[in-house]
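Some notes on the structure that comes next.
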Amino acid sequence: MCIFCKIAAGELGTAFLYEDENVLAFRDLDPQAPTHILIIPRSHYENVEELASAEPLTLASLFRVASDLADLEGLDGHRTLFNTGVSAGQSVFHAHLHLMGGRPLAWPPG
Ligand code: 5GP
Ligand code: ZN
């Protein structure tokens with residue numbers, strides 16, 4: 001089972017900031033900004049493209065949850081992103097939306 005499937009199953013005791021039948025949100029273990037939250041589908045898909053094909057409504061839900069959490073965190077701006085593939089920085093192959101904010105975010109990212 002992949003690490004995020006284990007988190008979704010509650011095996012690692014992760015605190016969830018949000019959960020419903022399809023979606024979970026929790027803080028990144030190695031935050032790159034004051035707010036760095038991961039929002040994931042409960043179902044395992046390797047990347048966002050697989051998620052988009054199989055469960056487009058769940059993909060939309062990830063962005064709705066990101067928007068709600070950005071408000072709750074009091075962010076005046078935020079970045080949402082998916083890394084797809086090793087060369088883009090993907091290290092966990094269970095689709096996850098990064099929500100980052102709380103500091104100025106440079107563009108373009110490294
Ligand atoms: P990626 O590099 O695949 O876009 O993002 C994976 C993210 O998952 C990284 O930012 C990494 O810090 C985070 N991460 C990896 N393992 C764990 C874990 O066990 N718990 C949490 N909360 N975050 C994790
Ligand atoms: Zn998984």
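The values are calculated or read from the model by the stated rules, or taken from the named source; none is laboratory data. As the structure is a computational prediction, the values presented were derived from the model and not from experiment. Cβ atoms come from the backbone with ideal geometry, glycine included; neighbour counts cover every protein chain shown. All accessible areas refer to the heavy atoms of the entire protein, side chains included, with ligands and DNA or RNA removed. Shrake-Rupley method; radii C 1.70, N 1.55, O 1.52, S 1.80 Å.
Here are a few things to note about the model shown:
- Label point of N83 set 7 angstrom out along Cα-Cβ; within the stretch 7-21, amide nitrogens under 19 Å from it belong to 7.
- Rg and Dmax of the stretch 3-101, based on Cα coordinates, read 12.5, 34 Å.
- Carbon + sulfur, % of accessible area of the stretch 30-110 - ligands and nucleic acids excluded, 1.4 Å: 55 percent
- Rolling a 1.4 angstrom probe over the protein heavy atoms with all chains in place gives the chain an accessible area of 56 Å² per residue.
- At an R0 of 25 angstrom, the distance between the Cβ atoms of D30 and A9 translates into a FRET efficiency of 0.70.
- Within the stretch 7-89, chymotrypsin sites (Phe, Trp or Tyr not before Pro) in DSSP loop having at most 10 other beta-carbon neighbours inside 10 Å: none
- Per DSSP, loop GluC sites (Glu not before Pro) in the stretch 6-94 with at most 11 further Cβ within 10 Å: E11, E21
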